[in-house]
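Colleague: Could you have a look at this structure, given as structure tokens, before my questions?
The values are calculated or read from the model by the stated rules, or taken from the named source; none is laboratory data. What you are looking at is a predicted structure, and each value in this text was computed from that prediction instead of being measured. No Cβ is skipped: glycine too gets one built from the backbone with ideal geometry, and neighbour counts run over all protein chains shown.
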Amino acid sequence: MTGRHRMDNSRAMDTLHALSQETRLKAFRLLMKHMLNGLSAGEIARKLSAPQNTLSTHLGHLVRCGLVSKKRKGREIIYASRITGVEELVLFLTEGCCDGRPDLCGALVDTWTSPITGNKQMTNTKFYNVLFLCTGNSARSILAEAIMNRSGKGRFKAFSAGSLPAGKVNPFTISLLKNLGYETDGLRSKNWSEFDTENAPRMDFVITVCDNAAGEVCPVWPGQPMTAHWGIADPAAVTGSDAEKEAAFSSAYDQLLTRIESFNNLPLATIDRLSLKKTLDQIGGTEE
């Protein structure tokens with residue numbers, strides 16, 4: 001079963017029935033987690049502690065209803081979740097939402113394909129909200145916030161935060177941005193908990209810019225925004241002369257500017273979610 005098909009009542013009931021059984025539901029959620037590469041039946045059985053003979057029956061059910069695909073790889077059969085199968089179900093359930101006013105249905109329908117245009121819509125609002133996260137929120141994530149808000153003006157609204165905020169923006173960050181003509185009055189170091197509240201802006205993208213290679217522990221954002229990791233060495237950790245520190249901040253700025261400009265040029269209205277995730281990882285140099 002390939003491509004996108006309009007779902008009817010019969011197919012919707014088959015799909016919902018497939019997910020109503022505990023083992024099948026667990027298998028499908030596991031495959032969603034491993035959607036990029038898929039898993040063999042043996043791997044799924046081990047991860048779920050399920051008998052492989054009965055699991056094969058359950059996987060067959062998921063394949064028949066269009067939620068899972070399978071392909072041969074050597075001697076193994078690899079199973080993978082079909083994001084289009086999920087899209088078809090969500091579109092069926094939300095079709096005609098709020099008497100033809102999907103904007104009143106909240107975030108539920110924002111991330112799925114438009115039944116009118118056939119295009120992927122990450123959000124129905126004017127801006128895409130982007131949150132940049134690092135540890136101290138004094139340098140890299142602040143730089144990224146400033147760059148995105150200027151280069152993506154009219155399309156993106158950027159924010160930044162830290163898991164262990166320094167409490168103030170690094171003076172070298174402010175100096176660099178002012179020298180480059182950026183507004184800096186609204187920039188501040190803050191905890192990411194500010195964005196994990198009911199009244200906080202809903203994030204479309206969350207991008208971590210901390211440096212795993214240097215042993216930093218990057219924060220993990222809950223929920224379902226599109227996420228990516230763009231590791232940047234922390235210029236605030238550089239010691240030495242002011243000239244050496246300024247060079248480190250300039251290097252971090254240049255890296256972020258290049259990545260954010262690539263991000264700004266993506267056709268977000270037409271790119272599918274899986275391809276977008278892979279492209280964001282490529283921009284950050286983290287694609288496996």
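Colleague: Can you name the residue in region 157-196 that is of a type in the set (Lys, Arg) and farther than 21 Å from Ile260 by Cα and, of all such residues, is surrounded by the most Cβ atoms within 10 Å (Cβ to Cβ)? Steps first, please.
Modeller: Of the residues in region 157-196, the ones of a type in the set (Lys, Arg) are 157, 168, 178, 188, 190.
So of that shortlist, the ones also farther than 21 Å from Ile260 by Cα come out as 168, 190.
On the way: Lys168: 13, Lys190: 16.
Applying the filter and picking the extreme gives Lys190.
Colleague: Take the residues in region 5-36 that are modelled with pLDDT under 85 and outside any helix (DSSP H, G or I); name whichever of them is farthest from the chain's Cα centre (by Cα).
Modeller: Asp8
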